[in-house]
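The values are calculated or read from the model by the stated rules, or taken from the named source; none is laboratory data. Note that the structure is a prediction, hence the values are computed from the model and not measured. Because the Cβ atoms are built from the backbone with ideal geometry, glycine has one as well, and the counts that use them run over all protein chains shown. Side chains included, ligands, DNA and RNA excluded: accessible areas come from the protein's heavy atoms. Shrake-Rupley method; radii C 1.70, N 1.55, O 1.52, S 1.80 Å.
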2 protein chains.
Amino acid sequence: MRQKQKIAIIGVGLLGGSLAKALKGRKGILLSGWNHRLSSRRKAARILSVASSFEEAVRNADIVLLCSHSGSIAQSLIQMKPLINDCALVMDVSSVKSEVMKQASRIPGMQRHFVPCHPMAGREKSGALFADAGLYRDKIVFMTPLSGTPAKLLSRARNFWKSIGAKPVVLDAKKHDSHVALTSHLPHLLASCLTEIYGDEQRREPSLRLAVGNGFKDVTRIAAGHPGMWSDIACMNASAIRRFLTRYRLKLAALEKDLGRKNKRRWLAYFGRVRSIREGLDLK
Amino acid sequence: MRQKQKIAIIGVGLLGGSLAKALKGRKGILLSGWNHRLSSRRKAARILSVASSFEEAVRNADIVLLCSHSGSIAQSLIQMKPLINDCALVMDVSSVKSEVMKQASRIPGMQRHFVPCHPMAGREKSGALFADAGLYRDKIVFMTPLSGTPAKLLSRARNFWKSIGAKPVVLDAKKHDSHVALTSHLPHLLASCLTEIYGDEQRREPSLRLAVGNGFKDVTRIAAGHPGMWSDIACMNASAIRRFLTRYRLKLAALEKDLGRKNKRRWLAYFGRVRSIREGLDLK
């Protein structure tokens, strides 16, 4: 009889926990989880069997899913290297790829195992308590293979994501980092900055609270994201984020000037153009 | 037998249509609606009885609800003045108050009728097709009375909003305009600016589309708002919006510098502070 396939999930939070839930109950697999913090391990234990140590979790694993923040991936790769199965597939789900790959490429032989991945799935809520078996369904998962990644390994990674209903797409790591800098990292800074000013102003003007509607909540929702994850991102994808931020600030300065002009026709054209771009995002 | 109370709704879009739906079916009232555009009148006719002209709609009205954009309120007030009932209560729902009040105060005797209002209810979808009887339920409605507004009139306005489940709150008009400049008007510009850059970038990089997740959609959703309404706002509340926009740009410049520092501890503290402010908004 064939032995069970061991899948280790390191970092059983929202993303890791949702993977665990999506995989749970499948025949022929053995799930093993690990969290750095005791309190997180306790939450994880409601979803899957938690190992007694990191080493225990990854030992002889056939698949390792690194679901911790961008800043911790390289260290985990180094630690697991001597313990994992010879043909183990290792994937992460963190949202910065170039820097993670640079670090991974310094670990000898790691390209035989590691396929950097980033699912476009997430919420502002973090932690295993919010895990959801359907989180990855129909979601794009970027895979940014290293130069030496074997085609067979990439294909296994692709099949893994397909098996949980996601849509894997191969993309150049630099391009990936640029894309998410604009669609995710910059928006996080913008929402944070708005939230910060709101906080300052609200202390002086308590009635400001009454003027918060759904629009403001939508715009600032992502600012409630996990500080640890976002500080890793701000440090590890800084240059791509900064490039867009500079562009953004210049556009804002132009809008500031336009406010002085009070030219209704000009604003009509601008908001009309922007609306049609935004409406395009809701179509598939 | 007492005659029916006539309520006229001018501008039967999302806000006006939702008012109509909330009032519909009440005993003792007669609803009459009007839209400037024929196509909007046709949509309105599914909800309430549409008059044959603006004049017809407001003639002998006991309550007039002006649900068109900020830029059109003064003109409507002038037009209706000779036609409405002697003790008619007139309210608008537009999101700029100081400028509207300045214009209204130039119309002799208007303070006996007009109570400027602004419900914190809205969506990025506009038009009567999206009207919802429950739109105002538990929503704050700012009332910014003119200096000469009779207490009795204000009290009638308050009762009106309460009767449809909303929460009326009196606020100074200048303060109101400052509040919504920060919680609604500035966010609209920020979302528009981000959407614009996305549009530019996406033309060059089609794969950017794949990197759009729920976060980006949340942040930019309001950019799909009605261009006519938003261009009125950009022109009529320009100075309050500009004040916050300047502050915002300065904060962004500081964040841009921080990106160069790559100081994780600093980012951790920043994102932690912002998260707790944002989480506070979801508590009541």
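Some points to look at:
- Residue count for segment B:253-262, restricted to those that are surrounded by fewer than 18 Cβ atoms within 10 Å (Cβ to Cβ), under 20 Å from residue A:251 (Cβ atoms) and facing chain A (nearest Cβ under 7 Å): 2.
- Candidate set from segment A:65-122 (those that are of a type in the set (D, E, K, R) and under 15 Å from the mean Cα position of the chain (by Cα)); member that is farthest from residue A:8 (Cα to Cα): A:99
- Annotation note: of A:266, A:249, A:273, the sole residue that is assigned to a helix (DSSP H, G or I), in contact with a Lys or Arg (Cβ under 7 Å, 6 or more places away or on another chain) and open to solvent by 40 Å² or more (accessible area, probe 1.4 Å) is A:249.
- So residue B:242, is it more than 7 Å from every other protein chain (Cβ to nearest Cβ), surrounded by fewer than 24 Cβ atoms within 10 Å (Cβ to Cβ) and free of Cβ contacts under 8 Å to residues at least 24 places away in the same chain: no
- Inside segment B:24-69, residues that are touching a residue at least 60 places away in the same chain (Cβ under 8 Å) and open to solvent by 70 Å² or more (accessible area, probe 1.4 Å) make up a count of 3.
- Filter result for residue B:228 (within 28 Å of residue B:71 (Cα to Cα) and either more than 7 Å from every other protein chain (Cβ to nearest Cβ) or in a helix (DSSP H, G or I) (or both)): yes
- Test result for residue A:89, closer than 24 Å to residue A:227 by Cβ and crowded, with 22+ Cβ neighbours inside 10 Å: no
- The number of residues in segment A:263-284 that are basic (Lys, Arg) and either under 19 Å from residue B:252 (Cα atoms) or within 7 Å of another protein chain (Cβ to nearest Cβ) (or both) comes to 3.
- Qualifying residues in segment B:169-217 (those that are in contact (Cβ under 8 Å) with a residue 40 or more places away in the chain and hydrophobic (A, V, I, L, M, F, W, C)) - the one farthest from the other protein chains (Cβ to nearest Cβ): B:173
- Hey, residue A:207 of a type in the set (Ser, Thr, Tyr), in a helix (DSSP H, G or I), within 15 Å of the chain's Cα centre (by Cα) and over 21 Å from residue B:272 (Cα atoms) or not: no
- Candidates A:52, A:76 - the one that is at pLDDT 95 or above and outside any loop (DSSP other than H, G, I, E, B): A:76
- Residue count for segment A:136-160 under the criterion of being assigned to a loop (DSSP other than H, G, I, E, B), on the phi < 0 side of the Ramachandran plot and within 14 Å of another protein chain (Cβ to nearest Cβ): the result is 4.
- Residue check for residue A:90: assigned to a strand (DSSP E or B) and in contact with a Phe, Trp or Tyr (Cβ under 6 Å, 6 or more places away or on another chain): yes
- Checking each residue of segment B:215-225 against the condition of being more than 28 Å from residue B:69 (Cα to Cα) and open to solvent by 10 Å² or more (accessible area, probe 1.4 Å) gives at least one match.
- Total residues in segment B:123-135, condition part of a loop (DSSP other than H, G, I, E, B) and within 14 Å of chain A (Cβ to nearest Cβ): 8
- Test: residue in segment B:108-122 that is open to solvent by 10 Å² or more (accessible area, probe 1.4 Å), part of a helix (DSSP H, G or I) and in contact with a Ser or Thr (Cβ under 6 Å, 6 or more places away or on another chain): yes
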